[in-house]
Ligand SMILES: NC(=O)c1ccc[n+]([C@@H]2O[C@H](COP(=O)([O-])OP(=O)(O)OC[C@H]3O[C@@H](n4cnc5c(N)ncnc54)[C@H](OP(=O)(O)O)[C@@H]3O)[C@@H](O)[C@H]2O)c1
């Protein structure tokens, strides 16, 4: 995909071990870029974090070799192997340490861009402020000080109507990035396939597909991991994507939960039963947990997760038109070619795995 009009660049990739991070690493490599991924110590295997924080600067080739050797016991090993097989150089760091991106990632070398797919894995406000905001602030400071010209950020379309802690954390960093001297691109995608696939297993067991309300309360233009990865990588070349907030979906039309049921019925060759869950139930759960959360930080976190669930049960992942006061499917840009139907067909045929990660609890509608 690399061409004379898009010369190869040196890119520091954050969040490379996540769903979109892996797809972005692949897309960057396919475009001929040199990719260095800064991954956290816990990703690289127990016991090496302490050693790494005081370790001297490691040239990238050595860092790669060291990472392979040290990650032998890590559950992340297959991810690291996959990244290295793509030709990505792994370096380890601690993103909660303000100096780590400069010291362990950039290492005083020349980089053209930082691309970040970094995000809190839990979505709780504390984690989101630590990762989506603070860690990104450290990366931005390192980019400015290190002469990195470009910063591409994976954000989320839901921040356009913020009511949740993680959305505030993301918006606060977006504001810092926009105020920076860098050529920034803020990519706000719609729903990922994994967030719309959590019910396939229960449907295969003959259980009903759960929808909130009438099943048409929300809609989105699902985007494939590889199409989003390619879109993020494309930001490095396209001047029209510099200093822009970029909402982006996959190929249309916009789909409701009932459309997903229809798709699964067609692909499975039998009607998939539907159970309607009242939104009021989500309100009650969020309300009760909210009250209990005043007395227990653990329950306060659960209350926020319930609010996240309610948000995705009631808000579409499409561009919001504030003047008309509604979501606008037509105004939501599209990219790529792979559809959710293609993905469902592959999952049902056992040729594709749903990577639910830590989102299994909100597998139906959580798009955090
Ligand atoms: N799900 C959706 O449908 C959807 C839709 C639109 C936008 N989004 C946005 O997309 C992003 C999530 O993308 P994703 O699903 O690719 O994420 P993911 O799979 O959860 O990956 C998160 C990445 O961030 C890293 N990370 C998290 N906490 C870290 C920490 N404390 N220190 C260092 N690294 C850390 C993870 O590293 P480890 O592997 O070491 O944990 C991983 O590489 C979020 O910003 C979300 O709001 C999601």
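The values are calculated or read from the model by the stated rules, or taken from the named source; none is laboratory data. Because the structure is a prediction, the values reported are computed rather than measured. Cβ atoms come from the backbone with ideal geometry, glycine included; neighbour counts cover every protein chain shown.
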Got at least one residue in the range 260-279 being under 25 Å from residue 159 (Cβ atoms), more than 16 Å from the ligand (Cβ to nearest atom) and crowded, with 18+ Cβ neighbours inside 10 Å? no
Take the conditions under 21 Å from the mean Cα position of the chain (by Cα) and over 16 Å from residue 163 (Cα atoms) and apply them to residue 309. Does it pass? no
Close pairs (8 angstrom Cβ cut-off, 6 or more residues apart or separate chains): loosely packed, with under 15 Cβ neighbours inside 10 Å in the range 281-297, part of a helix (DSSP H, G or I) anywhere: 292/299; 292/303; 294/300
Of (1) surrounded by fewer than 19 Cβ atoms within 10 Å (Cβ to Cβ); (2) within 14 Å of the chain's Cα centre (by Cα), residue 202 satisfies every one except (2)
I'd like the residue in the range 144-175 that is free of Cβ contacts under 8 Å to residues at least 40 places away in the same chain and over 22 Å from residue 322 (Cα atoms) and, out of all such residues, is surrounded by the fewest Cβ atoms within 10 Å (Cβ to Cβ). 147
Within the set of pairs 6 or more residues apart or between chains, which connect a residue that is in contact (Cβ under 8 Å) with a residue 12 or more places away in the chain inside the range 253-270 to a residue that is part of a helix (DSSP H, G or I) and loosely packed, with under 15 Cβ neighbours inside 10 Å with Cβ atoms less than 8 Å apart? 268/204
Candidate set: the range 98-125, residues that are away from the ligand (no atom under 11 Å from the Cβ) and at pLDDT below 95; chosen: the one surrounded by the fewest Cβ atoms within 10 Å (Cβ to Cβ): 125
With respect to residue 249, is the statement that it is within 23 Å of residue 167 (Cβ to Cβ) and in contact with a helix residue (DSSP H, G or I) (Cβ under 7 Å, 6 or more places away or on another chain) true? no
Is at least one residue of the range 74-96 without any contact (Cβ under 8 Å) to a residue 24 or more places away in the chain and within 10 Å of the ligand (Cβ to nearest atom)? yes
Consider residue 131 carefully, then state whether it is without any contact (Cβ under 8 Å) to a residue 60 or more places away in the chain and within 15 Å of the ligand (Cβ to nearest atom). yes
So residue 142 fits all but one of (1) more than 15 Å from the ligand (Cβ to nearest atom); (2) part of a helix (DSSP H, G or I); what number is the exception? (1)
